[in-house]
Amino acid sequence: MVTFAKDFKFGVATSAYQIEGAVAENGRTPSIWDTFCRTPGNVFEGQTGDITCDHYHRYREDVGILRELGIDSYRFSISWSRVFPAYGVYDPKGMEFYRNLIRELKQNGIEPMVTLYHWDLPMWAYERGAWLNRESVTWFKEYATRVFEELSDSVKLWITHNEPFCASILGYDLGVHAPGHKNLGEALIAAHHILLSHGVAVEAFRECGFKDSKIGITLNLTPSYPASNSREDVEAASRSDGLSNRWFLDPVFRSSYPEDMKEALGRFAGGFDFIKDGDLQTISASNDFLGVNYYTRSLVKYVQDGVLNYQEVPGDSRNTTAMGWEICPEALYDLMLRLRREYTRVPIYITENGAAFDDALASDGHVHDTERIDYVKRHLRKIAEANEQGADIRGYYLWSLLDNFEWGYGYSRKFGIVHVDFETQERSLKDSALWYRDMISSRTIE
Ligand code: IFM
């Protein structure tokens, strides 16, 4: 049996564009995701986040669900273009929604954890060059500072960025996320400015002098394992680790980019002249905690072609989620111990972990998602084991509360512990939600 401490936070996570809808209400202007969705071929069946879970209008009902489940903390993100609908223009109407949501959470004893950037860059920022323009760092600072000032009385846990790897590599190199560019050089510039904006926002936060508030960044970390023991595969795994993990961890915790990767990526990065003196000191501004999103590991082999000469190979195909991601809780355990050994002693929150499965409503009207229960249980066990080894993991946020808009996959992938009927907007608790509720109440796993 595994037991979690009383103050371990059990949460659920969502993000603005994936659940809010109401994309044109109360002055919100489009983000890069509104635009990306409208280009045929970008998103499954041309779907969009225009309505999605309609959480903007149904947040009270959704907070009611959180209360019913006994959730300690709710992680959500703010839509930048709701609160800054135009360049340099703050709109209190946009902020009103977040004030109401937070009030509702607090009245129900649920602690908010706020993410400032979960990929929905305003179009006004895109039109000015987006993350490729170094000025984006200043725009982000202005946005972050305003949100801190407006909400700091009730929000004590802050995350600057969610998954800079996805915002840069998926959005600017692979082109599968907004803004859909395909240029590795651009991706490296975007990643740098995103990281720099994190550091600048942390500095701005410190200047505000909040007494009991904490700030950190959330990285999606995917441990890379070699497909064989051959030297080629081992080195290939190290390059995959270099791009997915070290390219983000090293600047944040070591004030440098990994040298081997700089050498491998140099020809795409024009001599890295976008890295200015002092940037790395700013990026490594001290964090109060690290947020880790963990879903799977990658298994990697050497290949002759490709930019970094590696390729992912399928892991155990009988053991995957509907995303095709291998289920590997052991890699989460290894990752936690590695972070402690190689990077940092700050507390860790698992800010996302969860799974998409092909859920269907059974004839009794319920979703019996035993695979999801098993997935969460196995990962929580590994978290408890890592904590026994001193990992100091303070909380776990299950992704996600609701079935929602899963980016390029539209509504075809379901991560929620609550089923949403997108025709009627009716919510129903899946078996995993009931299991999570009971586990939170006992704080034990058999
Ligand atoms: O839905 C996403 C989320 O927005 C960021 N992390 C991964 C989740 C599942 O793909």
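Computed about the Cα centre, the dipole magnitude for segment 92-215 is approximately 140 debye when only Lys and Arg (+1) and Asp and Glu (-1) carry charge, each at its Cβ.
Taking 0.36 nm per residue of sequence separation and removing the Cα-Cα distance, the ARG103/ARG267 pair yields an extension gain of 54.0 nm.
Rounded if a/c is under 1.5, else prolate if a/b beats b/c, else oblate: with a ≥ b ≥ c from the C-alpha gyration tensor eigenvalues square-rooted, which is segment 185-276? Cα axes put segment 185-276 in the oblate bin. Residues whose amide H comes within less than 5 Å of that of GLU111, counting only those at least five positions distant or on another chain, are SER73, TYR74 (H built at 1.01 Å from N in the peptide plane).
Rounded to whole numbers, the Karplus 3J(HN,Hα) couplings from phi for segment 183-188 are 7, 4, x, 4, 4, 5 Hz, using 6.51 cos²θ - 1.76 cosθ + 1.60 with θ = phi - 60°, and x at Gly and Pro. For segment 41-153, the dipole from Cβ point charges (+1 on Lys and Arg, -1 on Asp and Glu) about the Cα centre works out to 220 debye, to the nearest 20. Of LYS9/LYS156; LYS182/LYS214; LYS9/LYS382; LYS377/LYS430, which ones are farther than 24 Å apart at the Cα? In this structure, LYS182/LYS214 exceed 24 Å between Cα atoms. Taken along the Cα-to-beta-carbon direction at a fixed 7 Å, the label points for GLN281 and GLU312 span 3.8 nm. By the helix-only formula, in which each DSSP H run with n ≥ 4 contributes -39500 (n - 2.57) and the sum is divided by residues, the chain has a 222 nm mean residue ellipticity of -11500 deg cm²/dmol. Solvent exposure of segment 156-216 amounts to 29 Å² per residue of accessible area, where only protein heavy atoms count and the probe is 1.4 Å. Taking the accessible area of the chain, probe 1.4 Å, and keeping the other protein chains in place, the carbon and sulfur fraction comes to 47%.
Normalised by the number of residues in the chain, what is the relative contact order in percent for Cα pairs under 8 Å and 6+ residues apart? Averaging sequence separation for qualifying contacts and normalising by length gives 19 percent for the chain.
When a/c is below 1.5 the answer is rounded, else prolate if a/b is larger than b/c, else oblate, so apply that to segment 288-334 with a ≥ b ≥ c taken from the square roots of the Cα gyration tensor eigenvalues.
Working: a/c = 2.50, a/b = 1.33, b/c = 1.88.
Here segment 288-334 falls in the oblate category.
Report the extension gain between GLU426 and SER256 in nm, rounded to one decimal, defined as 0.36 nm multiplied by the number of residues separating them, less their alpha carbon distance.
Answer, rounded to one decimal: 56.3 nm.
Taking 17 Å as the cut-off, the amide N atoms of segment 1-22 that come nearer than this to a point 7 Å along the Cα-to-beta-carbon line of ASP212 belong to 7-9. Label sites at ARG378 and ARG128, each approximated as a point 7 angstrom past Cα along Cα to Cβ, lie 4.7 nm apart. For segment 288-302, 3J(HN,Hα) computed residue by residue from phi via the Karplus equation (6.51, -1.76, 1.60; θ = phi - 60°) reads 7, 7, 10, x, 10, 9, 10, 10, 7, 10, 10, 10, 10, 10, 6 Hz, glycine and proline entered as x.
Each Lys or Arg adds one and each Asp or Glu takes one away; over the other residues whose Cβ falls under 12 Å from the Cβ of GLU104, this sums to +4. Karplus-based coupling profile of segment 84-97, in residue order and whole Hz: 10, x, 9, 3, x, 10, 8, 10, x, 4, x, 6, 3, 4, with θ = phi - 60° in 6.51 cos²θ - 1.76 cosθ + 1.60 and x standing for Gly or Pro.
Note on segment 397-443: with charges restricted to the Cβ of Lys and Arg (+1) and Asp and Glu (-1), its dipole about the Cα centre is near 240 debye. Ligands, DNA and RNA are left out, and with a 1.4 angstrom probe the accessible area of segment 1-107 is 39 Å² per residue. Within the chain, what percent of beta bridges assigned by DSSP are antiparallel, to the nearest 5? Of those bridges, close to 25 percent are antiparallel. Each of MET336, MET1 has its accessible area taken with a 1.4 Å probe; listed largest first, they run MET1, MET336.
Using packing as a proxy for protection, rank 279-286, 203-210, 392-399 so that the peptide with the highest average count of other Cβ atoms within 10 Å comes first. Could you put the intermediate results ahead of the total?
Working: 279-286: 18.4, 203-210: 13.9, 392-399: 22.2.
Peptide ranking by packing, descending: 392-399, 279-286, 203-210.
So how do VAL367, VAL313 rank on accessible area, 1.4 Å probe, biggest first, that is with the largest at the start? Don't skip to the answer; put the middle values down first.
On the way: VAL367 5, VAL313 40 Å².
So the residues, ranked largest to smallest area, are VAL313, VAL367.
Taking the average, over residues, of other Cβ atoms within 10 Å as the packing measure, peptides 379-390, 120-131 rank 120-131, 379-390 from highest down.
Work out the FRET efficiency for ARG338 and SER228 from their Cβ-Cβ distance, taking R0 = 25 Å, and round it to the nearest 0.05.
Working: r = 21 Å, r/R0 = 0.84.
The calculated FRET efficiency here is 0.75.
Could you state the accessible area per residue of segment 221-269 in Å², with a 1.4 Å probe and every protein chain left in place?
Details: 2050 Å² over 49 residues.
Accessible area per residue: 42 Å².
Between the residues PHE140, ASN108, MET123, the greatest Cα displacement towards the positive end of the dipole of segment 104-233, with unit charges on the Cβ of Lys, Arg, Asp and Glu, is found for PHE140. A dipole drawn for segment 366-443 from +1 and -1 charges on Cβ atoms has a positive end, and of ALA391, VAL420, ALA433 the residue lying farthest that way is ALA391.
The values are calculated or read from the model by the stated rules, or taken from the named source; none is laboratory data. None of the values given here were measured: they were computed from a predicted structure. Cβ sites come from the backbone with ideal geometry, for glycine too, and all protein chains shown count toward neighbours. Side chains are part of the model used for accessible areas, which takes the heavy atoms of the whole protein and leaves out ligands, DNA and RNA. Shrake-Rupley method; radii C 1.70, N 1.55, O 1.52, S 1.80 Å.
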